[in-house]
Amino acid sequence: MEAYLESLKDDMERCSEAFRKDLGTVRTGRASPAILDGVQVPVASYGSTLPLNQLATVTAPDPRLLVVNAWDKSTLGDIERAITAAGLGLNPQGDGNVIRVPIPALTGERRQELVKVVRRLQEEARVKVRGVRREYNDIFRDLEADREITQDDLDRALKKVQDLTDEYVKKVDAMAAQKEKEVLDVG
C-alpha cells in the first residue's frame, strides 16, 4: 500500500510541475525565456520542425528584452519567423548574429485576458490532480474488493489520498495566485 501512496505522490508532483511549466509560458510583462518554450521552428534546411530550445539559447539580459542566440546562424530567419507566427504578440529583430525580442508593456485589457488564461490553466491542473485521486481511489477499492487490504486499510488509504489531493490543489492555487499577482503587477 505504501508503494501506491509513493506513486500517488509522484503523479501529483508531476501534475504540479506540468502546471508550473504551463504558467511559465504566460507573459507577465517581464522578459522570461520560458515565454518562448512553446515556439516550434520549421527549419527548411533541416527539413523538419524543431522546438526553439533545440536550435538556440534564450536569455533575458534585462526585464524588457529576450536575446535568442542560434547555434546555427543559418536558422536565424526561420527562428525569427516562428517567433512572429507564434501569436505571442512579440516582434523579433535579427541583426545577423542574434535575435532581440523586446517585451512590450501589457495593457490593462491584455492583463485581464492573461489572468483568465492563468485561471483556465489552474482549473485544468486541478482536474488533473482530481483525476489522479480518482485513479488511486479505484486502485485501493479494487485491492479491498480482492481482499488484499482490509476495510480499515482502505479507509486510511482513501483519507491519505484525499489529504494529498487537498495539499496539491492548494499548491496549484498558490502558484496561480502568484502568477496572477505577477501578471497584474504594473511596476
Whole-angstrom gap from segment 119-179 to segment 62-77, using each part's C-alpha centre: 42
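When the helices in the chain are scored as -39500 (n - 2.57) per DSSP H run of 4 or longer and the sum is shared across all residues, what 222 nm value do you end up with, to the nearest 500 deg cm²/dmol?
On the way: 4 runs with 105 residues, N = 187.
Rounded to the nearest 500, it is -20000 deg cm²/dmol.
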Violating pairs (Cα-Cα greater than 20 angstrom) within the set Lys9/Lys171; Lys21/Lys181; Lys21/Lys128; Lys9/Lys128; Lys9/Lys181; Lys128/Lys181: Lys9/Lys181; Lys128/Lys181
Structure-derived Rg/Rh (Cα atoms, Kirkwood Rh): which label, when the choices are (1) 1.14; (2) 1.93; (3) 1.00: (1)
Residue (of Thr59, Val43, Leu5) at the positive-pole extreme of segment 1-150, dipole from beta-carbon charges: Thr59
Long-range HN-HN contacts of Val43 with modeled amide H, under 5 Å: Ser48, Thr49, Leu50
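No lab work stands behind these numbers, since they all come straight from the coordinates. Here the structure is a predicted model, which means the values were calculated and not measured. Neighbour counts are summed over all protein chains in view; Cβ atoms, including those assigned to glycine, are modelled from backbone coordinates with ideal geometry.
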